Amino acid sequence: MREVVSESFEQWRDQARNLLRQSVPPDGVHFVDAAQGQPMLAFPTEEKISFVRQAIKVPREFLSLAQTVSCFRDSSRWALLYRVLWRIIEGEFYLLQDHADPQMRELRLMEKAVRRDIHKMRAFVRFREAPGPVYIAWYRPEHLIVLINAPFFVRRFGAMNWSILTPEASAYWDQKELRFGPGVNRDALPQNDDIEDLWLTYYSSIFNPARANYAAMIAEMPASHWETLPESKLIRPLLREAEQRVMSMASRETPSARPYVPVSASLEILSEAVHQCRGCDLHEHATQPVFGVGPASAKIMMIGEQPGDQEDREGTPFIGPAGQLLNQALEAAGIERNHLYITNAVKHFRFETQGNLRRHLSPTGDHLIACRPWLEAEIAHVQPKIIVCLGASAAQTVMGRGVRIHEERGKWLPTHLSQRLLVTVHPSALLRMSMGMRRQEFSRFVGDLQLLHEEVVS
Ligand code: URA
Ligand code: SF4
């Protein structure tokens with residue numbers, strides 16, 4: 001029996017690859033978990049290798065499952081992962097989709113437990129201010145999730161120095177680099193309460209009245225956390241207020257995202273909060289909302305219509321066919337996509353199903369109006385010098401009236417939302433044209449975008 005010590009997902013992955021190349025079956029290897037305190041052993045160098053596989057193709061979905069499961073706090077996970085991987089490589093290609101298979105079921109349960117724990121950590125980590133200033137949080141996760149979860153905290157709290165300390169590992173962010181260190185004892189945490197007021201403000205700004213349900217909130221916050229949370233002081237008044245806010249929402253004639261948009265929240269918080277939006281019916285069938293992306297300091301904000309099929313699945317704007325064409329046009333116009341803030345007038349995908357296909361439907365005027373508060377919040381944050389509307393839906397949202405693209409495109413228009421406004425075609429419109437037309441229209445589109453070029457460099 002061969003003994004292999006795994007400490008991290010990357011290490012396990014490399015070891016599993018080596019073992020598979022040498023056709024070592026699951027029963028021929030004993031995985032030891034370094035995270036449980038056992039000493040580190042070197043991977044044994046090879047004796048006689050009877051059969052060496054050449055290429056080993058591991059499905060990406062398995063790797064992502066394995067990465068999550070690698071955080072599960074139980075030393076049996078490495079061996080279980082290897083067993084399932086072995087079976088996939090041996091030809092059980094559909095194993096990942098098999099919900100009845102006992103080993104897959106066990107992996108899925110582990111995956112679910114880790115995901116829940118990741119989510120819990122995001123909700124319950126509390127920073128306290130220490131001299132520096134540096135914000136320090138001490139947290140005891142159920143699973144080994146510090147490494148996998150730290151990038152989330154970088155995204156959300158990128159503009160401050162922070163450390164998250166846990167019994168097994170610690171993460172440090174200095175606004176430039178994310179580093180990891182050993183575990184830390186709880187006593188390292190300062191005991192002052194400087195940051196609590198800030199937290200209370202944040203909590204009331206993201207509080208969502210439509211979801212307020214005392215029992216559910218208690219269930220989400222286990223009793224062990226409950227007493228130590230500063231926001232527990234806020235919950236009763238918030239619930240009282242929530243009832244009134246829900247009543248006024250229900251009596252609205254026009255659907256609107258307004259009650260769901262946190263006031264003066266950062267882009268990060270807005271992009272989290274949009275997941276709770278029930279401002280119109282579009283969230284019901286879409287996979288997820290798609291919020292804007294790009295630097296908060298962008299000089300140009302580009303606004304499309306709504307996410308398409310691929311954007312809806314992946315959660316990022318303009319990555320499907322229209323996005324590819326947009327990329328080509330931006331490149332031809334000499335504009336860096338990375339410098340733009342790119343978003344859509346409507347955040348959820350509207351479609352109809354035809355067999356297996358999901359066919360795009362344009363949002364109605366009511367959808368545009370309902371979703372506008374999200375766009376307004378994005379504009380208020382980014383304060384772009386220039387707004388570019390791709391197509392009629394974006395133009396209608398921004399200008400508050402119907403717009404004939406072919407009459408108004410390609411010139412600077414007045415607006416109170418930014419210094420300048422440019423309206424041009426939507427790249428999807430080009431995709432619907434014949435090749436000949438498309439080539440000609442593509443050049444016009446590039447010509448419109450070139451107007452921006454002067455502005456970006458100046
Ligand atoms: N079309 C849009 O308007 N937005 C996207 O994000 C993708 C396609
Ligand atoms: Fe809310 Fe906009 Fe989605 Fe409608 S489309 S649910 S308003 S985010």
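The values are calculated or read from the model by the stated rules, or taken from the named source; none is laboratory data. Model, not experiment: these values are computed from the prediction. We place every Cβ from the backbone using ideal geometry, glycine too, and count neighbours over all the protein chains shown. Ligands, DNA and RNA are excluded from the accessible area calculation, which covers all protein heavy atoms including side chains. Shrake-Rupley method; radii C 1.70, N 1.55, O 1.52, S 1.80 Å.
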Given (1) open to solvent by 60 Å² or more (accessible area, probe 1.4 Å); (2) away from ligand 2 (no atom under 16 Å from the Cβ), identify the lone condition not met by I369.
(2)
Taking P384 and the conditions (1) of a type outside the set (S, T, Y); (2) touching a Phe, Trp or Tyr at 6+ places or on another chain (Cβ under 6 Å); (3) crowded, with 20+ Cβ neighbours inside 10 Å, which numbered condition does it fall short on, given that it satisfies the others?
(2)
Number of the exception - E441 against (1) away from ligand 1 (no atom under 13 Å from the Cβ); (2) closer than 24 Å to S271 by Cβ
(2)
Could we say that I88 is within 24 Å of R2 (Cβ to Cβ) and open to solvent by less than 50 Å² (accessible area, probe 1.4 Å) here?
yes
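A quick yes/no check of all residues on (1) within 12 Å of the chain's Cα centre (by Cα); (2) of a type outside the set (A, V, I, L, M, F, W, C); (3) at pLDDT 95 or above; (4) not in a loop (DSSP other than H, G, I, E, B):
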| position | (1), (2), (3), (4) |
| --- | --- |
| V274 | yes, no, no, yes |
| G279 | no, yes, no, no |
| A286 | no, no, yes, no |
| P289 | yes, yes, yes, no |
| P295 | no, yes, yes, no |
| A298 | no, no, yes, no |
| M302 | no, no, yes, yes |
Select from segment 110-127 the residues that are under 21 Å from F157 (Cβ atoms) and not charged (D, E, K, R) and list them in ascending order.
I118, H119, M121, A123, F124, V125, F127
Could you check, for segment 128-145, whether at least one of its residues is open to solvent by 40 Å² or more (accessible area, probe 1.4 Å) and in contact with a His (Cβ under 8 Å, 6 or more places away or on another chain)?
no
Condition (residue is under 29 Å from N327 (Cβ atoms) and acidic (D, E)) applied to segment 288-309: is it met by at least one residue?
yes
Lone unmet requirement of (1) over 19 Å from I369 (Cβ atoms); (2) within 11 Å of ligand 1 (Cβ to nearest atom) for F291:
(1)
Scan V423, V398 and give me the residue that is among the hydrophobic types (A, V, I, L, M, F, W, C), more than 28 Å from the chain's Cα centre (by Cα), within 16 Å of ligand 1 (Cβ to nearest atom) and within 24 Å of A329 (Cα to Cα).
V423
Pull up segment 315-331, narrow it to residues that are under 18 Å from P295 (Cα atoms) and outside any helix (DSSP H, G or I), then point me to the one that is farthest from ligand 2 (Cβ to nearest atom).
I319
Which numbered condition in (1) within 21 Å of H283 (Cβ to Cβ); (2) open to solvent by 50 Å² or more (accessible area, probe 1.4 Å); (3) away from ligand 1 (no atom under 13 Å from the Cβ) is the only one that H360 fails?
(3)
Here the residues within segment 393-408 that are surrounded by 20 or more Cβ atoms within 10 Å (Cβ to Cβ) and away from ligand 2 (no atom under 16 Å from the Cβ) are A395, V403
Has segment 332-352 got any residue that is among the charged types (D, E, K, R), away from ligand 2 (no atom under 13 Å from the Cβ) and out of contact with any Leu (no Cβ under 8 Å at 6 or more places or on another chain)?
no
Which of the residues that make up segment 296-329 are within 7 Å of ligand 1 (Cβ to nearest atom) and closer than 19 Å to H367 by Cα?
G304, E305, Q306, P307, G308, E311, P317
